[in-house]
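Here's the structure we're looking at; comments come further down.
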Amino acid sequence: MCQDDIAARIGNRPTPPRLPFVPGYTILGVVDAIGEGNIKVAVGDRVAALTALGGYSEYIYLSGERLVHVPVTIDPAEAVTLILNYVVAYQVLHRLVQVKAGDRVLIIGASGGVGTAFLQLGKLANLTMYGMASKSKHSALTKLGAIPIDYHTQDFVDVIHRSEPDGLDFVFNGMGEDYLRRGLAVLMRGGTFVQYGAPQSFLRLISFLAQFIMFKLLPNGKAVEGYGTHRVDYRLLTEDWIELFKLLEEGKIKPVIAGKFPMLEAAKANEMLESGKVIGNIVLLAPEILLKST
Ligand SMILES: NC(=O)c1ccc[n+]([C@@H]2O[C@H](COP(=O)([O-])OP(=O)(O)OC[C@H]3O[C@@H](n4cnc5c(N)ncnc54)[C@H](OP(=O)(O)O)[C@@H]3O)[C@@H](O)[C@H]2O)c1
């Protein structure tokens, strides 16, 4: 599960889903039946998909091109975190800004599902990483290779100016759009600020777009980019999921899983993620998977 499951339920997005709906942004399961002409998957295949809605169901109907095969060798709870949280980090790092070894980056929201994916993939890419999180999560950030900054008690602009006087190459922001101005302040000329966190209302989207355009036009040598999986072609997502499955199989990434809950305890799992106390991911498991793991 992910923040967008919560956002869909609370309705804090510019265009929230209309009631009634079933939440569930990502799924991993087994093909139960196929329609005519579908040559991509067969009954019994283990597949995953980015559904945006509907993932908390027993059965879901999807077209074949939206499914990716998942190797049976990998743990389903770990694999499902790659479908959203890791693919966001992977695509921002390797498709959108194309980081190179030695780049210096700041990750805002570093302790979350997407943030910890950024840290693991950033470490693999040999980046120097600063990560913003609450103090209680700093040892986890350090273990993942980041230099932690406590945004409650420290001004991250001061911290970065002192430790990186030339500025950073990239800032990756999964939190509010109010980080845009200060995020740009810590970038070097030629640096890029990437916003992947969604604005929480239509008004905030408009205000963000206005700022976004203003900063894009400002001749300060710094770039502003936005990222959202809903804007990415399925073929590119599939290529990157396959690459991420390989990294997981090879042990090069290891999703941080803070909790696994049976599907019938989805409310408890949502509450835990919503509390903001989680480090990494929370996964909901179907009864079949729970039976296998006991
Ligand atoms: N564009 C896309 O396609 C896409 C896809 C997936 C997710 N997202 C977005 O990415 C964001 C992060 O998702 P996630 O799944 O990683 O969330 P998450 O697992 O809930 O983690 C977010 C973490 O950020 C920290 N945080 C909260 N307020 C903060 C603040 N003001 N400044 C800095 N850190 C703060 C919290 O930890 P501490 O405060 O305790 O450190 C929280 O645990 C969400 O907005 C989500 O909607 C976008």
Subset of region 100-116, residues in contact (Cβ under 8 Å) with a residue 60 or more places away in the chain, at negative phi and either surrounded by fewer than 19 Cβ atoms within 10 Å (Cβ to Cβ) or near the ligand (Cβ under 8 Å from one of its atoms) (or both), comes to 108, 111, 112, 113, 114, 116
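Conditions tested, residue by residue: (1) aliphatic (A, V, I, L, M); (2) within 24 Å of residue 3 (Cβ to Cβ).
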position: 144; (1), (2): yes, yes
position: 160; (1), (2): yes, no
position: 173; (1), (2): no, yes
position: 178; (1), (2): no, yes
position: 181; (1), (2): no, yes
Against the conditions (1) without any contact (Cβ under 8 Å) to a residue 24 or more places away in the chain; (2) within 9 Å of the ligand (Cβ to nearest atom); (3) under 19 Å from residue 193 (Cα atoms), where does residue 147 fall short? Just the number, please.
(2)
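To keep it simple, each residue is scored yes or no on (1) loosely packed, with under 15 Cβ neighbours inside 10 Å; (2) among the small types (Gly, Ala, Ser); (3) within 11 Å of the ligand (Cβ to nearest atom); (4) within 28 Å of residue 192 (Cβ to Cβ).
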{"position": "236", "(1), (2), (3), (4)": "yes, no, no, yes"}
{"position": "239", "(1), (2), (3), (4)": "yes, no, no, yes"}
{"position": "249", "(1), (2), (3), (4)": "yes, no, no, no"}
{"position": "266", "(1), (2), (3), (4)": "no, yes, no, no"}
{"position": "277", "(1), (2), (3), (4)": "yes, no, yes, no"}
Mind counting the residues in region 205-224 that are of a type in the set (Val, Ile, Thr), surrounded by 13 or more Cβ atoms within 10 Å (Cβ to Cβ) and over 21 Å from the mean Cα position of the chain (by Cα)?
0
How many residues of region 195-204 are surrounded by fewer than 17 Cβ atoms within 10 Å (Cβ to Cβ) and hydrophobic (A, V, I, L, M, F, W, C)? The answer is 2
Out of the residues in region 3-29 that are loosely packed, with under 14 Cβ neighbours inside 10 Å and free of Cβ contacts under 8 Å to residues at least 24 places away in the same chain, state the one that is nearest to residue 269 (Cα to Cα).
10
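Residues checked against (1) within 16 Å of the ligand (Cβ to nearest atom); (2) β-branched (Val, Ile, Thr):
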{"site": "1", "(1), (2)": "yes, no"}
{"site": "15", "(1), (2)": "yes, yes"}
{"site": "27", "(1), (2)": "yes, yes"}
{"site": "30", "(1), (2)": "no, yes"}
{"site": "34", "(1), (2)": "no, yes"}
{"site": "39", "(1), (2)": "no, yes"}
{"site": "52", "(1), (2)": "yes, no"}
{"site": "60", "(1), (2)": "no, yes"}
{"site": "63", "(1), (2)": "no, no"}
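Does residue 72 fit the bill of being touching a strand residue (DSSP E or B) at 6+ places or on another chain (Cβ under 7 Å) and more than 12 Å from the ligand (Cβ to nearest atom)? Spell out how you get there, then give the answer.
Values: touching a strand residue (DSSP E or B) at 6+ places or on another chain (Cβ under 7 Å): yes; more than 12 Å from the ligand (Cβ to nearest atom): yes.
The answer is yes for residue 72.
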Residue 191 vs. criteria in contact with a Phe, Trp or Tyr (Cβ under 8 Å, 6 or more places away or on another chain), in contact (Cβ under 8 Å) with a residue 24 or more places away in the chain and more than 16 Å from the ligand (Cβ to nearest atom):
yes
Considering each residue of region 191-231, count those that are outside any helix (DSSP H, G or I) and within 18 Å of residue 3 (Cβ to Cβ), and give that number.
11
Residue 127 fails exactly one of the following numbered conditions: (1) within 12 Å of the ligand (Cβ to nearest atom); (2) within 22 Å of residue 92 (Cα to Cα); (3) of a type in the set (A, V, I, L, M). What is the number of that condition?
(1)
Among 119, 82, 67, the single one that is under 19 Å from residue 248 (Cα atoms), within 16 Å of the ligand (Cβ to nearest atom) and without any contact (Cβ under 8 Å) to a residue 40 or more places away in the chain is 119
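The numbers here are math on the coordinates, done by the rules we state, and not lab data. Fair warning: this is a prediction, and the values are worked out from it, not measured in the lab. Every residue, glycine as well, gets a Cβ built from its backbone with ideal geometry; the counts of neighbours run over all protein chains shown.
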